[in-house]
Amino acid sequence: MNDFANATQNTCVACLMPSCIERLGAISNRLSRWFDHQLHGLAPIFPRLLLAYEFGEAGLEKLHGENWFAELSFPFPFSLLPADLSWNLATGLEIIAPIALILGFMTRFFSAALMVLTMVAIAAVHWPVEWHTLGELWQGYMIIDKGHGNFKLPLVYLFMLGSLLLSGSGRLGVDAWLKRRAASVSAS
């Protein structure tokens, strides 16, 4: 028999466990440090691209479609705006903001603007018309409206936009480039 076989025969499994756990922990720590050092700040690119696609698609549909905002009841103060102006503002934001998100330009500003747009959309389109209990409201937490609203996707978008509002564009964006450039100019 070889030395390893002798060592494992003479050692109980319970005695080997702490050593294995310690080694796994060390590997995990090294991997985590590598991710922190090499990939830190890249995560925001994923919600930026997904949100850009979703809002861009909605903007293009509005750009090439008919204005249906006159049929809606908007929350105050948006109810004060004419339907045509609201349509044009929403369309413009849904065209410009995705481009900015892709580029990582003014990410926090456009995330906040899209959050407002999404909250207005939830109130005017996706929220249930009538609900009396939390159970009835919860029936609207779906993607397709079956008579109880459909606020699931807009709520997911709100959380993703909130993440971008807090994190900014990350390392892959014009915002980060401008920040690095400003730092190098001020250091000179």
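The values are calculated or read from the model by the stated rules, or taken from the named source; none is laboratory data. Since we're looking at a predicted model, the values are computed, not measured. Using ideal geometry, Cβ is built from the backbone for each residue, glycine included, and neighbour counts are taken over all protein chains shown.
Observations
- Within segment 139-156, considering residues that are hydrophobic (A, V, I, L, M, F, W, C) and under 17 Å from MET119 (Cα atoms), the one modelled with the lowest pLDDT: MET142
- Set LEU50, LEU114: member being in contact (Cβ under 8 Å) with a residue 60 or more places away in the chain, buried (at least 18 other Cβ atoms within 10 Å of the Cβ) and within 30 Å of HIS148 (Cα to Cα): LEU114
- Residue check, CYS20 modelled with pLDDT of 75 or more, more than 21 Å from VAL174 (Cα to Cα) and in a helix (DSSP H, G or I): yes
- Among the candidates ALA43, ALA26, the residue that is surrounded by fewer than 13 Cβ atoms within 10 Å (Cβ to Cβ) and among the aliphatic types (A, V, I, L, M) is uniquely ALA26.
- Residue within segment 170-180 that is exposed (fewer than 10 other Cβ atoms within 10 Å of the Cβ) and among the β-branched types (Val, Ile, Thr) present: no
- Some residue of segment 81-97 being in contact with an Asp or Glu (Cβ under 8 Å, 6 or more places away or on another chain), surrounded by 13 or more Cβ atoms within 10 Å (Cβ to Cβ), among the hydrophobic types (A, V, I, L, M, F, W, C) and within 19 Å of SER167 (Cβ to Cβ): no
- Test for PHE159: is it within 16 Å of the chain's Cα centre (by Cα), of a type outside the set (A, V, I, L, M) and modelled with pLDDT of 95 or more: yes
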